[in-house]
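Asker: This is the structure, below, for whatever I ask next.
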Amino acid sequence: MTSERIYVGSYTSQPGGGDGIGFGPVDAIAAVATIADPSFLVRSADGRFLYTTNEQDDGKVSAFAIGADGGLELLNQQSTGGMHPCHLDIDPSGRYLLSANYTSGSVAVHALQDDGSLGERVFFVQRSGTGPNAERQEGPHAHQIAFDPSGTYVFDVDLGSDTVYSSTLTGAGELQEVSRLQIHPGAGPRHLVFHPTASAAYVINELDSTLTVCSYSDGKLQVAQTVSTRPADSPGENFPAELLISADGRFVYGSNRGDNTIAVFATAADGLSVELVQTIGSGGDWPRHLAFSNDGTQLYAANERSDQIALFSIGADGQLTQAGEPVAWPKPVCILPV
């Protein structure tokens, strides 16, 4: 097991859920903050503050000061203006926190104060649209906030309308739309990552178990390839969740909930095509989130339904090998190494 310390976000309102945020080495995690449904976590660039979604009907985001020992002190909370915020990110300037309200399909922007606390909501946009999946795409469902490698453009990924929105963020914290990418109908785009050096990006699609490869330039995405996240003829239902790309851009990793696997893709030199080279068991049930260790040599998998965090070694060929037995933690849904 690695000695690296991690924060763990969880669902507290589910049966068997814990109290809030955990912290410590993966084999010695302890609760450090009691708060409702902290389903996604980010840390400020200077390491002084931590921010989390509170994924509930009355959606909120919360700010914490990080102590020298990793402990958390709640600074304040603010409403997102929407339901079930499931993802958030800090803009590269460190001035704003952006959050995605899943159920209501909206995006909120909050100012960040010098003391790390959350200011008032300065911008809010309600997305619209539907998709062909009547059960899951009856309306917009914002699922991720992501900045491109330059920090110039911000993207919000909408599962409900099969849309990826591209915008700039003004000095006043407002989103100004630049472009939209329509993924194929019924895909259910969930998360997006950018190649670190090539003009390419990758979108994992929850509703049809596909990965969409895109060319990328100046805030605009264009589909180049679509591949399955599963081996051919895989049985049963499957719902991909998290997406990562290695620091050198050679490998992309996606989690498969249902198959309970992690899919490993090798990328082409130009980043514009991928090949599925491995699927390996996630070490538990329903792998919602994946995260790299800080040195990039290991990968964490948060298996929500089996209350387990698994750790994998990453080989030179990008492929994964499970390292030891999974560690128990109630309803883990986000891993944040520090």
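Asker: Please give, to one decimal in nm, the separation of the simple spin-label points placed at S313 and S79, each 7 Å out from Cα toward the Cβ.
Answerer: 5.2 nm
Asker: For the residue pair S179 and A232, what label-to-label distance in nm results when each label sits 7 Å from Cα along the Cα-to-beta-carbon direction?
Answerer: 3.3 nm
Asker: Given the options N133, N260, N101, which has the most mean-square fluctuation in a GNM of the chain, springs set between C-alpha atoms less than 10 angstrom apart?
Answerer: Per the Cα network of the chain with a 10 Å cutoff, N133 tops the list.
Asker: Here is a follow-up. Report the GluC sites (Glu not before Pro) located in the range 156-245 that are in a DSSP loop and have at most 14 other Cβ atoms inside 10 Å of their Cβ, or state none.
Answerer: Here the GluC sites (Glu not before Pro) that fit, given the DSSP loop and packing criteria, are E237.
Asker: Moving on. Checking the a/c ratio against 1.5 first, then a/b against b/c, what shape does the Cα gyration tensor give for the range 1-121?
Answerer: Taking the square roots of the gyration eigenvalues as a ≥ b ≥ c, the range 1-121 is oblate.
Asker: At a 10 Å Cβ-Cβ cut-off, how would you order T130, T226, fewest neighbours first?
Answerer: Least crowded to most crowded, the residues run T130, T226.
Asker: Please give the contour-minus-distance gain from S217 to T170: 0.36 nm per residue of separation, less the Cα-Cα distance, rounded to one decimal in nm.
Answerer: 15.0 nm
Asker: Near T152, within a Cβ-to-Cβ distance under 11 Å, what is the net charge of the other residues, with Lys and Arg +1 and Asp and Glu -1?
Answerer: Counting the neighbours of T152, the net charge comes to -3.
Asker: Hey, another quick one. List the residues of the range 57-92 whose backbone N lies under 19 Å from a point placed 7 Å from the Cα of S128 along the Cα-to-Cβ direction.
Answerer: Only 82-83 pass the distance filter.
All of the numbers you see were taken from the coordinates with simple rules; none came from a lab. No experiment lies behind these values; they were computed from the predicted model shown. All Cβ positions, even for glycine, are placed from backbone atoms using ideal geometry, and neighbour counts span all protein chains on display.
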